[in-house]
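The values are calculated or read from the model by the stated rules, or taken from the named source; none is laboratory data. The structure displayed is predicted, hence computed values, not measured ones. Note that we place each Cβ from the backbone using ideal geometry, even for glycine, and neighbour counts take in every protein chain shown. Side chains are part of the model used for accessible areas, which takes the heavy atoms of the whole protein and leaves out ligands, DNA and RNA. Shrake-Rupley method; radii C 1.70, N 1.55, O 1.52, S 1.80 Å.
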Amino acid sequence: MFDYQSIINALIECDQAKVIGLVKEALDQGEPAGTVLNHGLIAGMDIVGERMENEEMFIPEVLMAAQTMGAAVEILKPLLGEDDSAAKGKVIIGTVKGDLHDIGKNLVAMMLESAGLEVHNLGVDIAPEQFVAEIQAKDADMICLSALLTTTMPMMKQTIDAISEAGLRDRVKIMVGGAPVTQEFADQIGADGYAADAGSAAKMVKAMM
Ligand code: B1M
């Protein structure tokens with residue numbers, strides 16, 4: 001069993017070269033990419049989050065940790081979500097207005113691409129009207145909304161409402177996700193689906209298509 005604590009420690013120290021070296025070492029030892037992601041990188045970011053909450057780490061350090069994680073995910077990318085049952089369909093994904101978190105959303109986008117879907121990743125801080133315009137422009141089958149802040153969760157409802165007001169609700173399926181989001185919340189705001197992580201998001205989108 002690989003010592004995942006070493007990746008966690010290096011991520012907290014924002015030591016990119018070390019994290020990348022350790023991720024490669026874990027893969028060389030035969031560890032699955034998904035395990036390296038979950039037990040190393042995501043576990044490390046959870047501790048970064050706790051330290052941020054306790055004011056032991058501050059925004060610039062958290063950003064450096066996020067960049068370090070992004071660089072390490074690039075190595076795992078080709079190995080994650082290898083899937084032979086390609087799905088078809090157009091998906092638009094973005095982080096809702098007011099929210100700048102994108103690591104988890106990008107992981108979801110990556111898994112959807114690996115599942116064979118045409119993915120349009122709009123980025124972060126996406127206003128409801130932008131989602132509406134993109135559904136029309138891309139003739140999308142599905143919208144994926146990500147939020148990491150409790151304060152931006154209501155923006156998911158506002159986005160769904162804007163889609164309904166534009167007369168597009170019957171044309172697209174809507175999936176929501178992100179750390180504070182729950183199935184209960186998804187039901188309350190009238191989303192069609194919720195997924196807790198990138199792996200289950202890809203499975204759910206394929207099932208809904
Ligand atoms: Co932010 N931040 N942050 N932050 N940040 C959290 C979310 C927080 C929990 C930290 C904490 O206090 N413990 C807290 C939110 C508290 C709350 O709302 N209850 C918080 C806060 C408060 C803030 C600021 C307000 C801080 C401030 O300025 N005072 C500020 C807000 C800025 C804004 O958005 N307007 C802020 C800023 C930032 C940074 C910019 C510094 C940076 C983001 C960099 C970036 O994303 N490029 C950052 C980071 C890195 C975090 C933590 C530490 C890590 C987030 C992350 O990337 N996790 C985070 C604490 C934490 O989550 N442990 C925190 C790893 C990622 C793989 O997981 O994103 O959960 P996650 O994605 C998962 C699932 O959620 C799911 O799949 C992913 C992979 O399996 N998923 C979906 C995500 N989207 C999905 C969509 C789906 C389905 C599944 O379907 C559509």
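Roughly how many debye, to the nearest 20, is the charge dipole of the chain about its Cα centre, given +1 on each Lys and Arg Cβ, -1 on each Asp and Glu Cβ, and no other charges?
Once rounded to the nearest 20, the dipole reads 600 debye.
On the full set of protein chains, 1.4 Å probe, figure out the accessible area of Lys203 and give it in Å² to the nearest 10.
Per-residue accessible area (Lys203): approximately 150 Å².
With springs only between Cα atoms under 10 Å, which of Ile93, Ile103, Ile143 fluctuates most in a Gaussian network model of the chain?
It is Ile103.
Provide the per residue accessible area, probe 1.4 Å, for the chain, rounded to a whole number of square angstrom.
Working: 10260 Å² over 209 residues.
Each residue of the chain exposes 49 Å² on average to a 1.4 Å probe.
Got a number for carbon plus sulfur as a percent of the chain's accessible area, 1.4 Å probe?
The computed percentage sits at 51.
Specify which residue in the list Pro128, Gly167, Gly34 is farthest towards the positive end of the charge dipole of the chain, using unit charges on the beta carbon of Lys, Arg (+1) and Asp, Glu (-1), about the Cα centre.
So the residue we want is Gly167.
Determine the shape class of region 1-149: with a ≥ b ≥ c the square roots of the Cα gyration tensor eigenvalues, call it rounded for a/c under 1.5, and otherwise prolate if a/b is greater than b/c, oblate otherwise.
Oblate.
Per residue Cα convex hull volume for region 105-202, in cubic angstrom? Mind showing how you got there, number by number?
Numbers: hull volume 8.5 nm³, N = 98.
In region 105-202, the Cα convex hull volume per residue is 87 Å³.
Residue separation times 0.36 nm, minus the C-alpha to C-alpha distance between Ala196 and Asp3: what's the value?
66.9 nm
Order the following by accessible area, largest value first: Tyr194, Tyr4. Probe radius 1.4 Å; ligands, DNA and RNA are ignored.
Numbers: Tyr194 45, Tyr4 15 Å².
The ordering from most to least exposed comes out as Tyr194, Tyr4.
With the dipole of the chain worked out from charges on the C-beta (+1 for Lys and Arg, -1 for Asp and Glu) around the Cα centre, which of Ala72, Ala109, Gly21 lies farthest toward the positive end?
Among Ala72, Ala109, Gly21, the one farthest towards the positive end of the dipole of the chain is Ala109.
Not counting ligands, DNA or RNA, and with a 1.4 Å probe, what is His101's accessible surface area in Å² rounded to the nearest 10?
His101 has an accessible surface of roughly 80 Å² with all protein chains in place.
Compute the helix-to-body angle for 153-165: its Cα long axis versus the longest principal axis of the chain, expressed 0 to 90° and rounded to tens.
Here the helix axis deviates by roughly 30 degrees.
To the nearest 10 square angstrom, how much accessible area does Val205 have with a 1.4 angstrom probe?
Val205 has an accessible surface of roughly 0 Å² with all protein chains in place.
Based on Cβ point charges of +1 for Lys and Arg and -1 for Asp and Glu, what charge dipole magnitude is obtained for region 1-65 about its Cα centre, in debye rounded to the nearest 20?
The calculation lands at about 220 debye.
Counting only C-alpha contacts under 8 Å and six or more residues apart, can you give the relative contact order of region 15-117 as a whole percent?
Values: 66 pairs, mean separation 29.8, N = 103.
Across region 15-117, relative contact order equals 29 percent.
With 25 Å as the limit, write out which pairs from Lys18/Lys97; Lys90/Lys203; Lys97/Lys138; Lys77/Lys105 have Cα-Cα distances beyond it, or answer none. Intermediate values should be presented prior to the final figure.
Working: Lys18/Lys97 34 Å; Lys90/Lys203 15 Å; Lys97/Lys138 20 Å; Lys77/Lys105 14 Å.
Table pairs above 25 Å Cα-Cα are Lys18/Lys97.
In nm, what is the difference between 0.36 nm times the number of residues separating Ala207 and Leu79 and their Cα-Cα distance?
Stretched out fully, the Ala207 to Leu79 stretch lengthens by 43.9 nm.
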